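Before any comments, here is the structure.
The values are calculated or read from the model by the stated rules, or taken from the named source; none is laboratory data. On a predicted model such as this, the values are computed, not experimentally measured, just so you know. Glycine gets a Cβ as well: all are built from the backbone with ideal geometry, and neighbour counts include every protein chain shown. Just the protein is used for accessible areas: all its heavy atoms, side chains included, with ligands, DNA and RNA removed. Shrake-Rupley method; radii C 1.70, N 1.55, O 1.52, S 1.80 Å.
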Amino acid sequence: MAEKKRFETEAIRTQIERTQFLEHSSPMYLTSSFVFEDAEDMRASFAEEKERNIYSRYSNPNSTEFIDKVCKMEGAEAGFAFASGMAAVYSTFAALLESGDHIVSSKSIFGSTHTLFTQFFPKWKIETSYFDVNEVETVEQLITPKTKILYVESPTNPGVDVLDLEVLGDIAKKHGLIFIIDNCFASPYLQQPIKFGADLVIHSGTKLMDGQGRVLAGITVGNHDLMDQIYRFARITGPALSPFNAWVLSKSLETLALRVDRHCSNALKLATYLEDHPKVEWVKYPFLKSHPKYEVAKKQMKAGGCVVAFEVKGGLEAGRKFFDKVQLLSLSANLGDSRSIITHPASTTHSKLTGEERQAVGISDGMVRVSVGLEHVDDIIADIAQALG
Ligand SMILES: *Cc1c(COP(=O)(O)O)cnc(C)c1O
């Protein structure tokens, strides 16, 4: 009906219908179920002859508003909102795969997703083969007649490697694979993978989407037919997002563009500062010219994102010492928060891997991951400078 507006406008003006009270901001629908006019209304609703809310495990107005916004942002046809990013990842795969199916995935993926592929899916005879993020040309060699899904994240966690989505999209198309991208590190503001051939896009809403470290959430959006299969699975298994969290997220998305712009400019300033620092071995940030995939990042992203990775000279011990000196920045596991957060992957999230395994996914012992927040950039840099000094 209405013509499509720009990103920022859709993020603010996409709303569910007003009630009789003519509220300006969408209300919260904290209700588990919805009532029917009469027996015929109830029958027709259950028969799916009309689109309406029945029960909040299936749909809820607040989730609908959140989903509508993300669909507009990503250029997607349909979506479903989940209680966490991992619920979105799990349900998406579980809805689409059968025993015997095969996944081709990038090696550098979120830790819990990796555990899902290696420890749980094999129970249902679903196997995964991995390719190195810097060897996208090897993807085709891994594809078998059983391969159903090509899965990637870009930029990756924690190494901020960038994968060429257009190249991968073409490979997926050529082999008839479902191409799924976890777009959480970029947010829909910086990168819209559907443009490059993605069939489905997954987000942890916990990160940049909420952006204030308050709620857990996840969402999958994309192709209508695939989303219908995911919806049928999710409405039965029950990973739905709570209406309260959906309301919080829909509000958060109103400021996504503003926030992410500042995250990115702060991150680029920090990365540029670290490049010249004598105690820093290397710095990686997608929009630094020194990033090995700078040109690809420029092609598919609007800016470099909120995460900067760097290596403190002196390895594991130097990395840990640096951490103990940090004052302003939080030592925490989240990212995309308004507060800057620092993590040491080798001694925390990736400590269970051997040194060799860590090297294979691009995590060195002194590597630090900073999720650059929205504090004044001079204060962020000053804290890191004193901790390095
Ligand atoms: C955090 C994260 C997830 C999981 O999201 P939760 O909301 O914590 O369940 C998945 N993928 C990526 C890339 C993430 O950073």
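Could you run through segment 172-182 and say how many residues are within 16 Å of the ligand (Cβ to nearest atom) and surrounded by fewer than 24 Cβ atoms within 10 Å (Cβ to Cβ)?
Step one: list which residues in segment 172-182 are within 16 Å of the ligand (Cβ to nearest atom), which gives 180-182.
Within this subset, residues satisfying the condition of being surrounded by fewer than 24 Cβ atoms within 10 Å (Cβ to Cβ) are none.
The qualifying residues number 0.
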Discussion item. Looking only at residues that are assigned to a loop (DSSP other than H, G, I, E, B) and either open to solvent by less than 10 Å² (accessible area, probe 1.4 Å) or of a type in the set (V, I, T) (or both) in segment 354-389, which one is farthest from K107 (Cα to Cα)?
Written reply: G373
Practice prompt. Under 9 Å between Cβ atoms, at least 6 apart or on separate chains: pull out the pairs that start in segment 323-340 with a residue that is in a helix (DSSP H, G or I) and end on any residue that is of a type in the set (A, V, I, L, M, F, W, C).
Written response: F323/L331; F323/I342; F323/V368; F323/A387; D324/A387; K325/A387; K325/L388
Fill in: Count of residues meeting criterion [without any contact (Cβ under 8 Å) to a residue 12 or more places away in the chain and of a type in the set (V, I, T)] in segment 109-134
2
Worksheet item: So N60 clears everything in (1) open to solvent by less than 90 Å² (accessible area, probe 1.4 Å); (2) within 29 Å of the chain's Cα centre (by Cα); (3) farther than 28 Å from V260 by Cβ except one condition, right? Which one?
Response: (3)
Response to the item:
Going through segment 312-322 in order, the residues found to be crowded, with 18+ Cβ neighbours inside 10 Å and not in a helix (DSSP H, G or I) are V312
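Within segment 181-282, which helices (runs of 4 or more DSSP H) (wholly inside it) include 1 or more residues that are in contact (Cβ under 8 Å) with a residue 24 or more places away in the chain and under 18 Å from A309 (Cβ atoms)?
Values: elements: 187-190, 224-237, 243-254, 256-275.
Hits in segment 181-282: 187-190, 256-275.
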Item to complete: Determine whether segment 288-297 contains at least one residue that is under 29 Å from T118 (Cα atoms) and among the hydroxyl-bearing types (S, T, Y).
Response: no
Fill in: Residue, nearest to the ligand (Cβ to nearest atom), within segment 185-217, restricted to residues that are open to solvent by 10 Å² or more (accessible area, probe 1.4 Å) and in contact with an Asp or Glu (Cβ under 7 Å, 6 or more places away or on another chain)
F185
Worksheet item: Does K325 count as over 22 Å from the mean Cα position of the chain (by Cα), closer than 24 Å to S187 by Cα and either within 16 Å of the ligand (Cβ to nearest atom) or surrounded by fewer than 19 Cβ atoms within 10 Å (Cβ to Cβ) (or both)?
Response: no
Discussion item. I'm trying to understand the selection: among the residues of segment 328-353, which are more than 16 Å from the ligand (Cβ to nearest atom), exposed (fewer than 15 other Cβ atoms within 10 Å of the Cβ) and aliphatic (A, V, I, L, M)?
Written reply: L331
Worksheet item: For A76, are the conditions met, namely being in contact (Cβ under 8 Å) with a residue 24 or more places away in the chain, within 16 Å of the ligand (Cβ to nearest atom), of a type in the set (A, V, I, L, M, F, W, C) and assigned by TED's automatic domain parsing to the domain that holds S187?
Response: no
Discussion item. What's the total number of residues in segment 103-116 that are surrounded by fewer than 21 Cβ atoms within 10 Å (Cβ to Cβ) and farther than 11 Å from E153 by Cβ?
Written reply: 4
Worksheet, complete the sentence: Checked V152, V162 against criteria (under 30 Å from K289 (Cα atoms) and within 13 Å of the ligand (Cβ to nearest atom)); the one match is V152
Response to the item:
Within segment 41-87, residues in contact with a strand residue (DSSP E or B) (Cβ under 6 Å, 6 or more places away or on another chain) and among the small types (G, A, S) come out as S63, A76, G79, A81, S84, G85, A87
Worksheet, complete the sentence: Reported set for segment 31-50 where residues are surrounded by fewer than 16 Cβ atoms within 10 Å (Cβ to Cβ), in a loop (DSSP other than H, G, I, E, B) and without any contact (Cβ under 8 Å) to a residue 24 or more places away in the chain is V35, F36, E37, D38, A47, E48, E49, K50
